[in-house]
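Step one of this worksheet: look at the structure below.
The values are calculated or read from the model by the stated rules, or taken from the named source; none is laboratory data. Since we're looking at a predicted model, the values are computed, not measured. Note that we place each Cβ from the backbone using ideal geometry, even for glycine, and neighbour counts take in every protein chain shown. Each accessible area value is taken on the protein alone, full model and side chains, heavy atoms only, with ligands, DNA and RNA left out. Shrake-Rupley method; radii C 1.70, N 1.55, O 1.52, S 1.80 Å.
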Amino acid sequence: MRNHLHAISPYFAMFPESFVQENVEKYSRKGDWVFDPFCGRGTTILESLVLGRRAAGSDINPVAYCISRAKAERPKLGAVHERINELEHQYRSSDQESLEALRKSLPEFYGRAFYPSTLRQLLFLRTSLGWSNNKVDRFLAALVVGSLHGEMDRSQAYFSNQMPRTICLKPAYSLRYWRERRLFPKKRQVFTMLKDKADFRLKDLPSYGTGLVKKSDAREIASQFVSLEGKVTLVVTSPPYLKVTSYEEDQWLRLWFLGGAPQPTYGMVSTDDRHVDSEKYWKFLKDAWTGLAPLLKRKAKIVIRIGGIGIDGDEITTHLKASIQSAFPRAHLDKPPTQTAIVRRQSLNFLPKSKGCKYELDYVFTV
């Protein structure tokens, strides 16, 4: 049975838990440490824990960090219900006029994206959840960001007007889309929905270990995970794809809920353009593997799923192998890379003319 926490939040360019399961079972034993330096929505961490491994990971994006750590440090369902009841009581006794004024002060996008009372509840939670330091609040924040936007025409599980569930498009495009189609947001009872979502994700959840997740640049992993030096048996990861997405821009609404700006901010983290400039991209990966190196055991395995736009498989193999060997001079490929076609590009959900990767490549290195 699939662990319900896997789908706590949709995420762009995620790999399935079956990919993790296959490689964790093949290349590690129970009790081994499995690591993901680009942990995204935490699939490697959660699936490794479920399979009896110890797991850790990092990501520089606050959305990824929040979701992954929420999965790694699961709260008790009773504690979650108690906190929701407390927050709902506080909301009902809060200054509604101030919340309404705050709602009206937001950019035009928000007024068409969310029903007024729904947005007031979200604003209250945005300022009330101490998600950085409290695992119950962090779990609730993960539930919110996973439901913040989505396909209104397919499900009532989302708080927003019609949007893709994996990324949030820019305000001008969204407003134009909604106006042309005369789409308006539906009223959602946020607290009630959070209780239902918590029940679904946590009820009858099997027992397994707790993972370690930190908000960190992949190049600085060694200093962030000193306790894991020389202990990691297996890495299962998927670096950001070349020229495919900017997570800071595509996750801008979720970043806003977690304390960020109320509009897209360009170049928030990737100021070196490493994801669009090939030379800088491969230099970034070299530095990331170098940052990872102190954590790995001798003859550890690194499993990588990677892709890009405007680059062929042979070129990816050449550059990726060179980047790995810069950090692990004795590293070698266990077998030729496996190519997987991307049948349903997630970006097509909302932008029919968008372009993405046509395929991904899977690599297994012994280092």
* **Given charges at beta-carbon only (K, R positive; D, E negative), |dipole| of region 33-100 in Debye** => 560
* Structure fact -> Residue-normalised value, i.e. accessible area per residue, for the chain at 1.4 Å probe, in Å², stands at 45
* Neighbourhood charge, 14 Å Cβ-Cβ cut-off, centred on residue 260 and excluding it, Lys, Arg +1 and Asp, Glu -1 -> 0
* Backbone HN-Hα couplings from phi across region 16-24 [Karplus 6.51/-1.76/1.60, Hz, Gly and Pro as x] -> x, 5, 5, 5, 5, 4, 4, 7, 5
* To do: Starting from the amide H of residue 53, placed 1.01 Å from N in the peptide plane, find each other amide H under 5 Å away whose residue is 5 or more places distant or on another chain.
  => 31
* Asked: Taking the structure as given and computing mean projected area of the Cα convex hull in nm², which label from (i) 17.7; (ii) 23.3; (iii) 19.2 fits?
  -> (i)
* For the chain, what does -39500 (n - 2.57) per DSSP helix run (n ≥ 4), summed and divided by total residues, give at 222 nm, in deg cm²/dmol to the nearest 500? -> -12500 deg cm²/dmol
* Asked: Normalised by the residues of region 48-173, what does the relative contact order come to in percent, with Cα pairs under 8 Å and at least six apart?
  -> 23
* Structure fact -> Amide H proximity to residue 235 below 5 Å, modelled H, separation 5+ or other chain, gives 35, 301, 302, 303
* Asked: Cα to Cα, under 15 Å, and not fewer than 8 places away if on the same chain: which aspartates and glutamates meet these conditions relative to residue 231?
  -> 32, 36
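Set the bar at 32 Å for Cα to Cα. Now go through 203/301; 135/335; 71/299; 187/214; 197/280; 214/283 and name every pair that lies beyond it. Walk me through the intermediate numbers first.
Numbers: 203/301 35 Å; 135/335 41 Å; 71/299 29 Å; 187/214 36 Å; 197/280 41 Å; 214/283 23 Å.
Result: 203/301; 135/335; 187/214; 197/280 exceed 32 Å.
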* Surface share of carbon and sulfur [accessible, 1.4 angstrom probe, percent] for region 66-202 -> 47
* To do: List every residue whose amide H lies under 5 Å from the amide H of residue 39, counting only residues 5 or more places away in sequence or on a different chain, with H placed 1.01 Å from N in the peptide plane.
  => 58, 59
* Asked: Which of the peptides 65-72, 150-157 is most tightly packed, and how do the rest follow, going by the mean number of other Cβ atoms within 10 Å of each residue?
  -> 65-72, 150-157
* Asked: How far is the Cα center of region 78-149 from the Cα center of region 250-264, in Å?
  -> 14
* **Spin-label model distance (nm) - residue 156 vs residue 95, 7 Å beyond Cα toward Cβ** => 3.5
